[in-house]
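Reading through the structure tokens given below for one structure.
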Amino acid sequence: MIWPWIAVAVVAATAIGIWLYWALSITEGAYLGRRVVALLYDWTSARYDRVKAITWRQDGAWLIDPLVQRLSGIKDPLVLDVGTGTGRFPAALLGDGRFSGQIWALDISRGMLRHAYERVKSYNRCRLVWQDADTLPFPDGLFDAVVCLETIEFTPRPQHTIHELVRVLGPGGTLLISNRIGRARWFPGRAYHDEELSAMLSKEPLRDALIHNWNSFYDLVWANKLGRATAVGHGADDLEAWLRKPEHLNSGTAEPYGPWGEHGSHKAGAQ
Ligand SMILES: C[S@@+](CC[C@H](N)C(=O)[O-])C[C@H]1O[C@@H](n2cnc3c(N)ncnc32)[C@H](O)[C@@H]1O
């Protein structure tokens, strides 16, 4: 009898199809490792801005205004955006006349960085790096603010990622991250109830954590690192010279992305 075998084959094919849909479409490779995530974002980078444009309309009110206010006491703040994608956050912050500092933005997808580069290149106050969020190529306590939007659910160990974000944040510095709430049940271990998230944050040297709704897919989390912020940030430093120092670019895999500095120097591997 061939019919039972056909039935088994149909059930197996359906199960595989559903799994692939979950693994590649709904969770965008989040459980298949960094390389798959990077590959999927490389492939979809050209469409990303079109798809996301609707949720970006209110970035000024939700993200930029509150951050600029928090940084207002610091001259030339230095900001890090982890998982910058197509440069949505740096472009919005640099486009705000009140922000005088500099931004480092990193991502594991070169396709996304290519679009980010087009968006921020005219400012000359933003540097892009191709690098994984879990090994940030920066020393402890460097940044006045560290931002990571819509990205933590893609990293294999979110608690470790948060630890790394907080490590590079300076005393009193501002942390801004997002927590997935839409389709959260499809992201086991990567999307958190408020209590779980608060418990994760409490493991880090943070104070004044505030969790509030952002949109139907994400909550926002604001917090400050323990300690007192300095009045002058690192945002006026010569970033290219700084990055070239081996003790600063301390991860062997990190690559500057795009032309660097007035001399337009490229590093091998940058596109
Ligand atoms: C949904 S997009 C968000 C992009 C941007 N933050 C925004 O709000 O538009 C997620 C981004 O995280 C990046 N990403 C995923 N895993 C990463 C990792 N481990 N390290 C660095 N970037 C990562 C992806 O390449 C992608 O660009």
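Worth a mention:
- So LYS225, is it at pLDDT 95 or above, touching a helix residue (DSSP H, G or I) at 6+ places or on another chain (Cβ under 8 Å) and exposed (fewer than 15 other Cβ atoms within 10 Å of the Cβ): no
- Segment 168-202, residues that are under 17 Å from the mean Cα position of the chain (by Cα), in contact (Cβ under 8 Å) with a residue 60 or more places away in the chain and not in a strand (DSSP E or B): VAL168, ARG190
- Any hit, segment 4-19, residues being surrounded by 13 or more Cβ atoms within 10 Å (Cβ to Cβ) and either more than 16 Å from the ligand (Cβ to nearest atom) or farther than 30 Å from THR174 by Cβ (or both): no
- When LEU165, LEU136, LEU169 are checked against the criterion of being closer than 16 Å to ALA105 by Cα and more than 14 Å from the ligand (Cβ to nearest atom), LEU169 stands alone in meeting it.
- Qualifying residue in segment 54-69 (condition: away from the ligand (no atom under 15 Å from the Cβ) and loosely packed, with under 13 Cβ neighbours inside 10 Å): yes
- Qualifying residue in segment 71-80 (condition: within 14 Å of the ligand (Cβ to nearest atom), of a type outside the set (Gly, Ala, Ser) and either assigned to a strand (DSSP E or B) or surrounded by fewer than 17 Cβ atoms within 10 Å (Cβ to Cβ) (or both)): yes
- Some residue of segment 4-24 being assigned to a loop (DSSP other than H, G, I, E, B) and in contact with a Phe, Trp or Tyr (Cβ under 8 Å, 6 or more places away or on another chain): no
- None of ARG119, ARG98, ARG127 is assigned to a helix (DSSP H, G or I) and basic (Lys, Arg) except ARG119.
The values are calculated or read from the model by the stated rules, or taken from the named source; none is laboratory data. As the structure is a prediction and not an experimental result, all values here were calculated from the model. Neighbour counts run over all protein chains shown; Cβ positions are idealised from the backbone, glycine included.
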